[in-house]
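> Before we start, here is the structure in question, set down as structure tokens.
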Amino acid sequence: MLRIPAVLGLLVGASCAASAQELTLTQRADHNYALIAPGSVSTDVTIKQTGQTNATMSVQTGPINEIDVDQRAKSANTAYVNQLGAANVATITQQYDFGGVPGMTPGYSSQQTNVGFLSEFNSGGVSILALTGPGSTLIGNFGRTH
Amino acid sequence: MRGAKLLFGAITALCALTPLAGYAADVPAKTAASASAAAPEPTADCGVYGSKFFKLGDSGFCGKAGYDVMVFGAKDFAQSDIGLISQRLPSFEYAAGIPMLYYADRSFAQQTYYPRLGVDAQANFMAVRQTDFGALVGFVNIRAAGEFETPQYGGLAYEPSNAVNGSILQGLVDQAWVRLGGLEVGVQPSMFGFARWGYSIMPGYSSLVNTPAVSYTYRVDNVAGSNNSVSASFALEDPSRREMDDGVLASYAPTRAPDIVAQARFGSPTVLVHVGGALHQIRDEAAADCCGSPENSMWGEAATIGGEYRVKWSDVFGPAAGDTYGRFLLQGAVARGAIGYLGIPFFATDYVADADGDLRATTGYSAVASYEHLWTTTLKSSLTYSLFGTSETSGAELLAPDEPMWFDVKIRGSLLQGGIEDMVQPGLTIGVEGGYTWTTATGNYAGASSAPLSVGFANLAAYVRKVF
């Protein structure tokens with residue numbers, strides 16, 4: 001008896017997820033960190049991480065939340081998923097015996113996507129990615145003036 | 001302090017009136033303002049203060065006015081530089097977010113494409129008279145320093161380089177103080193800074209800041225019958241002139257205690273030694289609102305030591321050295337939670353407020369070594385080497401259960417400058433100066449090393465200065 005509503009809920013969620021904003025993110029450093037907190041909008045996020053260690057932390061609070069985490073690591077895959085919506089779908093795939101790309105050139109990029117504000121830092125063996133919602137992004141810039 | 005362009009120009013007025021500064025700056029020592037110097041009689045001729053002093057009516061004051069103008073052209077060859085990006089990542093535990101600091105290559109090709117033309121003009125007036133409580137001195141120096149830039153929309157715009165906390169007016173009032181005996185009130189040179197930032201025209205990594213302050217200097221001349229002098233000073237200074245915050249990792253609360261600054265100096269005809277220290281209160285509001293952390297306040301600290309030595313080379317090498325002179329300057333500073341005292345570019349905030357509100361002080365150092373050689377009475381050259389380093393870290397915070405994150409970003413830099421200056425006629429000097437800057441950033445994130453990022457670029461400047 002309990003299984004039927006759960007399946008129905010999943011079907012409804014999967015159906016509604018088609019209207020959620022979609023975004024696919026990829027990380028390939030030795031150590032990958034992804035933080036997903038897009039706020040209270042419906043989102044459909046795909047994370048692909050390949051490295052020595054991978055970590056994804058996600059909190060989705062929209063009406064319809066979907067996340068697909070695909071992690072391939074040498075030693076550790078971590079996925080922390082929290083979904084607080086009417087319909088929630090999470091798929092997590094974790095595999096081992098993979099490695100990342102060491103020695104990435106230092107670089108920082110940021111952009112406003114249809115899902116939220118996306119920032120990404122890649123340098124050496126580290127990749128840190130953050131997807132944040134409106135009003136929860138605080139960024140500063142400083143350095144030498146010219 | 002933050003984001004301010006470094007002043008290019010003349011330093012004469014800046015260092016003319018600090019305790020014992022007359023030694024280093026080739027200006028009359030503050031005999032009239034000395035706490036213990038022999039006081040001239042009230043009716044004495046104004047010439048006792050210097051050849052340019054004149055009587056101010058029947059007020060009993062003597063006055064002196066001066067002004068100088070420097071015009072310069074400069075070319076910055078930097079195509080890119082290290083940029084710092086601060087950010088707070090979402091935290092499942094704390095609303096303030098997890099502090100992060102990234103570094104990346106930032107292009108400045110557009111800003112440095114054209115040579116710059118700039119001006120640094122100063123006008124000052126001093127009034128002095130003797131009282132029963134010592135010399136009463138008033139001094140004001142108005143300064144306009146800036147560059148003409150070519151904005152994106154075309155044309156030519158004047159960009160002030162001495163605005164203070166975004167205020168052009170505050171920058172315009174370079175100094176304005178009154179001194180009675182050893183007590184001095186107003187906008188004055190900080191007691192932390194040494195006489196100068198090296199013998200270069202462009203600043204080395206050394207802090208020379210004018211700041212609203214109340215200070216007291218006790219000075220003793222002719223120590224033990226010699227030509228030596230010693231002084232000790234204590235000051236309460238405006239902390240906002242020193243703050244290095246970005247509003248993300250660090251954000252100062254509006255009210256806090258003044259900086260507590262002290263210095264001691266020893267001067268002889270050939271040597272000047274300076275030691276100084278400062279306490280700088282931090283009251284954070286970047287993360288204090290979120291968590292009720294008990295640690296949203298702390299004291300930063302800074303210390304400095306410097307020395308200058310003058311030499312007549314014929315005293316060392318004999319007549320073969322001719323009538324040439326030289327002087328050496330060596331100065332260093334360290335800071336913890338008070339990076340603004342290092343006199344370096346804005347490559348680190350004073351502290352980092354963790355997500356839980358705890359504060360972590362940034363540490364750093366700077367040093368300057370400089371030599372100036374006087375080839376003739378009108379021709380001189382200088383060579384200056386400066387370096388600095390900062391280390392900025394955050395505490396370990398949990399991105400998720402069992403997933404800690406922190407950063408440790410270090411910036412190292414150095415600057416080599418060489419210049420030559422000739423006084424073509426009394427009061428009129430021309431000069432040229434070149435420099436090369438190296439800077440490297442390294443980082444560590446949750447124990448994983450990021451790639452180092454290094455930049456290097458040259459700069460060149462030529463100037464004409466007229467002192468009236």
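Read-outs throughout are calculated quantities, based only on the coordinates presented, and are distinct from any laboratory measurement. Because the structure is predicted, anything quoted here is derived from the model rather than measured. As a convention, Cβ positions derive from the backbone with ideal geometry for all residues, glycine included, and neighbour counts pool all protein chains shown.
> Short version: ³J(HN,Hα) in whole Hz for each residue of the range B:194-211, in order, from phi by Karplus 6.51 cos²θ - 1.76 cosθ + 1.60 (θ = phi - 60°), x for Gly and Pro, what are they?
The phi angles translate into 7, 4, 6, 9, x, 8, 7, 7, 7, x, x, 7, 8, 8, 10, 10, 8, 8 Hz.
> When only Cα pairs under 8 Å and 6 or more residues apart are kept, what is the percent relative contact order across chain B? List each step's numbers first, then the result.
Details: 1330 pairs, mean separation 69.4, N = 468.
Relative contact order, chain B: 15 percent.
> If amide hydrogens are placed 1.01 Å from N in the peptide plane, which non-local residues have theirs closer than 5 Å to the one on B:S251?
Correct list: B:E285, B:A286.
> Give me, ordered by chain and number, the residues 5 or more places off A:Q27 or on other chains with an amide H under 5 Å from its own placed amide H.
Correct list: A:K48, A:Q49, A:T50.
> Taking only DSSP H segments of four or more residues, each worth -39500 (n - 2.57), what value at 222 nm results for the protein assembly as shown once the sum is divided by all its residues, to the nearest 500 deg cm²/dmol?
Details: 6 runs with 38 residues, N = 614.
Here the helix-only value at 222 nm equals -1500 deg cm²/dmol.
> Would you tally the net charge around A:E66, using a Cβ to Cβ cut-off of less than 13 Å, leaving A:E66 out, and scoring K and R as +1, D and E as -1? Write out the running numbers ahead of the final one.
On the way: positive: none; negative: A:E22, A:D44, A:D68.
Once all neighbours under 13 Å are counted, the net charge is -3.
> Continuing with this model, one more query. Treating only the Cβ of Lys, Arg, Asp and Glu as charged (+1, +1, -1, -1), what charge dipole size does the range B:12-467 show about its Cα centre? Round to the nearest 20 debye.
So the dipole magnitude of the range B:12-467 works out to roughly 1600 debye.
> Got a sec to turn the phi values of the range B:303-319 into Karplus ³J(HN,Hα) couplings, 6.51 cos²θ - 1.76 cosθ + 1.60 with θ = phi - 60°, whole Hz, x for Gly and Pro?
9, 9, 9, x, x, 9, 9, 9, 9, 9, 5, 5, 6, 9, 9, x, x
> Still on this structure, please answer the following. Kindly write out, for the range A:113-120 in residue order, the coupling ³J(HN,Hα) from the Karplus curve 6.51 cos²θ - 1.76 cosθ + 1.60 (θ = phi - 60°), rounded to whole Hz, with x marking Gly and Pro.
9, 6, 9, x, 7, 10, 10, 9
> Sequence-distant or interchain residues sharing an amide H contact under 5 Å with B:L399, placed H: which?
B:M405
> While we're here: Springs between alpha-carbon atoms under 10 Å, Gaussian network over chain A: tell me which of A:A86, A:A130, A:A34 tops the mean-square fluctuations.
Evaluated over chain A, the most mobile residue of the options is A:A86.
> Which of B:K75/B:K466; B:K52/B:K466; A:K48/B:K410 have a Cα-Cα distance over 26 Å? Spell out each step's value before the answer.
Working: B:K75/B:K466 22 Å; B:K52/B:K466 17 Å; A:K48/B:K410 30 Å.
A:K48/B:K410, as the Cα separations exceed 26 Å there.
> Mind pulling the angle between the C-alpha long axis of helix A:3-17 and the longest principal axis of chain A? Nearest 10 degrees, somewhere in 0 to 90.
50
> Over the range A:3-132, what relative contact order in percent results from Cα pairs under 8 Å that are six or more residues apart?
Values: 372 pairs, mean separation 33.6, N = 130.
About 26 percent, as a whole number.
> Could you let me know the centre-to-centre spacing of the range B:176-195 and the range B:81-122, using Cα atoms, in angstrom?
For the range B:176-195 versus the range B:81-122, the Cα centre distance is 34 Å.
> Name the residue farthest towards the positive end of the dipole of chain B from the options B:Y158, B:L272, B:I411, assuming +1 on Cβ of Lys and Arg, -1 on Cβ of Asp and Glu, about the Cα centre.
Comparing the listed Cα positions along the dipole, B:L272 ranks first.
> Roughly how big is the range B:98-244's charge dipole about its Cα centre, with Cβ charges of +1 (Lys, Arg) and -1 (Asp, Glu), in debye to the nearest 20?
Numbers: 9 positive and 12 negative charges, 37 e Å.
Roughly 180 debye, rounded to the nearest 20.
> Over the range B:343-398, what relative contact order in percent results from Cα pairs under 8 Å that are six or more residues apart?
Numbers: 81 pairs, mean separation 21.7, N = 56.
This gives 39 percent for the range B:343-398.
> Let me ask something else about it. Please order B:S366, A:S110 by the number of other Cβ within 10 Å, starting at the fewest. Before the final figure, lay out each step's value.
Numbers: B:S366 26, A:S110 14.
Exposure proxy ranking, most exposed first: A:S110, B:S366.
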